[in-house]
Amino acid sequence: MNGIGRLPQKLNGHLILENIQETMIIADKDYRVQWMNARAIETLQPVLPIYQLSHIEELIGKHMDFFHSNYEEAEKLLTSLHTTYRTRITIGSQYVAEAVIHPIDTKDGERYGYLLMLLDFTDQAEAELEKERLIEDLSTPLLKIWDEVLAVPITGKMDIERGKKLTETVLEAVVKEQARYLLIDLSSLHSLDEEHGYYINTLHDALRLIGTTCLIVGLSSKMALSLVDSQCNWRTFSTVQQSISYILEKKNYRIAPIS
């Protein structure tokens, strides 16, 4: 689909790219760097010593495998690329960046080149440290309700690192406390995505294997609908109070009204 309207007379594509405050690189159809904007020059200066380069101009003409450690797979993808592609790349085993690559084709569909943007360009050591801080910040606290009963509220985004840490932390605590019940509280979540569902289900099944009953609480109607076609065999409750009542009944405790 072509754009509409006309650019102002003194506004051309080169000027637009030069003024965008992101690292912009243009390569030809053979994947060789042809142009970089001022932000790219500034961003890539620290990379030069890694490749024994003295001047930023030496990057012009370099193959794009300069920016990718596993370029064979990347080149296969670029050849068949027809839309914007995002990936995480490592540059010189020291820097990491979010790469956005878009093919540039002629009106006849002939491949002319590629536009590459590097976002969040960061020293890898700093990136790993920031990831560890994020995981630590999002680490879920374990609450002891009473003997043999623990609770864990799930908040924030779930990813591989946090999911793994959540599972390990909870299993260690359950074994240490000899907990017979674990409440997983989802009331702080607006929705239940695939990542949350996968790691909660993994934890649920792991707890079952060690004899601990896992109760899912705080389930909204929207979350319940998302689970209808899933393979999750969870015991769920809409409120924490309902789950506690269930545990008390299993313990043969009677709930008496306050007179």
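The values are calculated or read from the model by the stated rules, or taken from the named source; none is laboratory data. Owing to the predicted nature of the structure, the values given are computational and were not obtained by experimental measurement. All Cβ positions, even for glycine, are placed from backbone atoms using ideal geometry, and neighbour counts span all protein chains on display. Side chains are part of the model used for accessible areas, which takes the heavy atoms of the whole protein and leaves out ligands, DNA and RNA. Shrake-Rupley method; radii C 1.70, N 1.55, O 1.52, S 1.80 Å.
Only residues that are touching a Pro at 6+ places or on another chain (Cβ under 8 Å) and crowded, with 19+ Cβ neighbours inside 10 Å: list them for the range 141-182, please.
V152
Listed here are the residues, each with its yes/no results for (1) open to solvent by 30 Å² or more (accessible area, probe 1.4 Å); (2) more than 21 Å from E168 (Cα to Cα).
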residue	(1), (2)
I184	no, no
S191	yes, yes
D205	yes, no
I216	no, no
M223	no, yes
V228	yes, yes
S243	no, yes
E249	yes, yes
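Within the group E168, E194, E177, which residue is within 23 Å of K250 (Cβ to Cβ) and charged (D, E, K, R)?
E177
Would you please name the residue that is farthest from I20 (Cα to Cα), looking only at residues in the range 54-80 that are surrounded by 16 or more Cβ atoms within 10 Å (Cβ to Cβ), modelled with pLDDT under 90 and among the aliphatic types (A, V, I, L, M)?
A74
Restricting the search to the range 19-38, which residues are open to solvent by less than 60 Å² (accessible area, probe 1.4 Å) and either part of a strand (DSSP E or B) or not aliphatic (A, V, I, L, M) (or both)?
Result: T23, M24, I25, I26, A27, D28, Y31, V33, W35, M36, N37.
Identify, please: which residue in the range 21-44 is among the β-branched types (V, I, T) and under 15 Å from I101 (Cβ atoms) and is, among those, farthest from the chain's Cα centre (by Cα)?
Going through the qualifying residues, I end up with V33.
Could you count how many residues in the range 83-105 are of a type in the set (A, V, I, L, M, F, W, C) and open to solvent by 50 Å² or more (accessible area, probe 1.4 Å)?
Number satisfying all stated conditions: 1.
Which of the strands (runs of 3 or more DSSP E) contained wholly in the range 103-213 include at least 2 residues that are at pLDDT 85 or above and of a type in the set (V, I, T)?
Fully inside the range 103-213 and qualifying: 149-153.
Of all residues being hydrophobic (A, V, I, L, M, F, W, C) and touching a Ser or Thr at 6+ places or on another chain (Cβ under 6 Å) in the range 202-227, which is nearest to L182 (Cα to Cα)? Just the residue, please.
L215
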